[in-house]
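Let me begin by presenting the structure, written as structure tokens, before commenting on it.
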Amino acid sequence: MKILLIEDEPELAASIRDFFFAEGYLIEYAADFPIATEKVALYEYACIIVDINLPGGGTGLDVLRDLKKHHPETGVIIISARNALDDRITGLDLGADDYLTKPFHLAELNARLKAILRRRHFGGSSHIEFGDIRVNLDSREVSVHGNPLFLTPKEYDLLLYFLANQHR
């Protein structure tokens, strides 16, 4: 699954990118508002993780507003140091799926990301069954006829894409 991280703090961004790369995700990065809006306009993502405060002329909420016009099915998690109720309500009203206040544990961010992907693509289930194929989304394990199938990360992502987009 392809994720876009929009975060202006380089150390935090590097930690998040490294963590999700180790988890097997394809993660792209934008450090400011202009790059974020360009990536959102050009590419599709399974989920976007966005900070509210961004340099370069806009906010994460502006990115979210634009994203939901063109790709309403994309999952969104807002990460922010702001803990104001108004910011959380505004973000959720604009279409964000979740709001996580900094500092946070990367494992919690990962759990929230997995929950969004399950809800959006697989009806909330952590297991997918299609014919004789069974996929455990949490452990990233695949079996056919009960026998384990060892896939590369790219093969696994392609399988999930095909299972999530059966009618496309």
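The values are calculated or read from the model by the stated rules, or taken from the named source; none is laboratory data. The structure displayed is predicted, hence computed values, not measured ones. Because the Cβ atoms are built from the backbone with ideal geometry, glycine has one as well, and the counts that use them run over all protein chains shown. Heads up: the accessible areas ignore ligands, DNA and RNA and are worked out on the full protein's heavy atoms, side chains in. Shrake-Rupley method; radii C 1.70, N 1.55, O 1.52, S 1.80 Å.
Tabulated data
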| item | result |
| --- | --- |
| Selection from segment 68-113 of residues that are touching a Leu at 6+ places or on another chain (Cβ under 7 Å) and touching a residue at least 60 places away in the same chain (Cβ under 8 Å) | ILE79, LEU109 |
| Residue among ILE116, ILE48 that is out of contact with any Asp or Glu (no Cβ under 9 Å at 6 or more places or on another chain), within 28 Å of TYR161 (Cβ to Cβ) and among the β-branched types (Val, Ile, Thr) | ILE48 |
| Candidate set: segment 137-164, residues that are part of a loop (DSSP other than H, G, I, E, B) and touching a helix residue (DSSP H, G or I) at 6+ places or on another chain (Cβ under 8 Å); chosen: the one least open to solvent (accessible area, probe 1.4 Å) | LEU137 |
| Residues satisfying the stated conditions in segment 49-106, i.e. over 17 Å from the mean Cα position of the chain (by Cα) and closer than 15 Å to PHE33 by Cβ | ASN53, LEU54, PRO55, GLY56, GLY57, GLY58, THR59, ASP62 |
| Complete set of residues in segment 38-58 that are touching a helix residue (DSSP H, G or I) at 6+ places or on another chain (Cβ under 6 Å) and of a type outside the set (A, V, I, L, M, F, W, C) | ASP51, GLY56, GLY57, GLY58 |
| Sole residue being part of a strand (DSSP E or B) and either over 30 Å from GLU11 (Cβ atoms) or touching a Leu at 6+ places or on another chain (Cβ under 7 Å) (or both), chosen from ARG134, ARG119 | ARG134 |
